[in-house]
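The values are calculated or read from the model by the stated rules, or taken from the named source; none is laboratory data. From a predicted model like this one, the values you see are computed outputs, not experimental measurements. Don't worry about glycine lacking a Cβ; one is built from the backbone with ideal geometry, like all the others, and counts go over all protein chains shown.
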Ligand SMILES: Nc1ncnc2c1ncn2[C@@H]1O[C@H](COP(=O)(O)OP(=O)(O)OP(=O)(O)O)[C@@H](O)[C@H]1O
Ligand SMILES: [Mg+2]
């Protein structure tokens, strides 16, 4: 599927004075950018392109939908135009992402930007046969985009060698460094050459994760666009107070009474997502579910149908909250609030991207008041509350106030938490080579193996 890109310059992106051509990018990249309609660099691109180009480590925080992919992809492609040829089964740059869909999207974006360069980009991820991926690695790969579990499986099978790796990119870096991925990331870091460039990008960097990240980086250039952990301003947010049992009815009511054509709905559990799809179908609303219990084929199909507007509603777990770019998506609805406040930022950031506007609505019941409060504290604002006609809650959501964020003490390293066997969740640690279930540390829906930030330290092995 071609990478969806805006065909016109986006008017409301702040326009730095310079153009892409003044950032030292080679002509084939400028030609591709021109064709894709990327006329001016976004603020994070403007700062990251020279920083990455200089060879330094970079930690970049910028809001959702502000072009972080190109901010690392363009200077990476630019740098790789020089240097030694890649050897068979070797790779020159490694980009790690938390979900299969995001890995695919990043690879498509890099391939689109690098269209006129003699560099090859490949993607590997779990849930599909490993053999074709092994074949594609044979002649060597300039940029490999991967989910961690499948990458380790490929390494174990001798299909990939890391000796030539010049640059490591962690997209959604805070997610990659939290407990759910730490084991696999630690193993991968130990396999990479000590001398390499490290690039960490995300819209959110909780303090404890930032501390972990800094151990991995060598004198990084730190890029901070807008206040840390801030939500995209382009997203209008509000909540509906509602009784828990009435949430599906309220969702149907909102969908029936509003002309919203493409709505991404988040639920906390897989079983909740399936149940909701059924309830929507009963009301004649076309919807599909996307979560970690679906086969990769069904997941890909659901996302593709949603992007193509064949279905009106995609009901997803947090597997879809990070990085996924859906052209002009106008509405996100949280039927449950996420347990981790940062996930709220990522969920709502699926709309209001590339300078466009969007709306994020959360259906909040009384039992979720603490989650609401944590989200509001992270946002630094109280969310506007509404009550829909006919849905006056019997149990109203207690009033919240902003907590003053105190700097958290780093927690002592502790044992990996057992995965929460929440409603509808499968046990973790299932073989990646299987076709259905994601393995530990790979492509989880977001609630398994999430632990308090800072539980583990990444191995520092990036001395230059
Ligand atoms: N300079 C640019 N001009 C116009 N559009 C751009 C530009 N850079 C990126 N875009 C478009 O903006 C959209 C969002 O980009 P991208 O997915 O890289 O955002 P992101 O910052 O990584 O968001 P997230 O935090 O959600 O991962 C994409 O559709 C991309 O094609
Ligand atoms: Mg991104």
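Structure summary
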item	result
Of the criteria (1) modelled with pLDDT under 95; (2) surrounded by fewer than 24 Cβ atoms within 10 Å (Cβ to Cβ); (3) within 17 Å of the chain's Cα centre (by Cα), which one residue 353 fails	(2)
Subset of segment 40-58 that is within 15 Å of ligand 1 (Cβ to nearest atom) and more than 11 Å from residue 221 (Cα to Cα) - its residue that is farthest from the chain's Cα centre (by Cα)	40
Residues located in segment 121-144, provided they are part of a strand (DSSP E or B) and free of Cβ contacts under 8 Å to residues at least 40 places away in the same chain	121, 122, 123, 124
Helices (runs of 4 or more DSSP H) within segment 24-110 that include 2 or more residues touching a residue at least 12 places away in the same chain (Cβ under 8 Å), buried (at least 24 other Cβ atoms within 10 Å of the Cβ) and within 16 Å of ligand 2 (Cβ to nearest atom)	43-53, 68-80
Count - residues of segment 292-319 that are assigned to a loop (DSSP other than H, G, I, E, B) and farther than 22 Å from residue 260 by Cβ	4
Hey, residue 318 in contact (Cβ under 8 Å) with a residue 40 or more places away in the chain and surrounded by fewer than 24 Cβ atoms within 10 Å (Cβ to Cβ) or not	no
Residue 150 vs. criteria more than 30 Å from residue 27 (Cα to Cα) and surrounded by 24 or more Cβ atoms within 10 Å (Cβ to Cβ)	yes
Per-region count, segment 214-229, residues assigned to a helix (DSSP H, G or I) and either within 16 Å of ligand 1 (Cβ to nearest atom) or crowded, with 22+ Cβ neighbours inside 10 Å (or both)	1
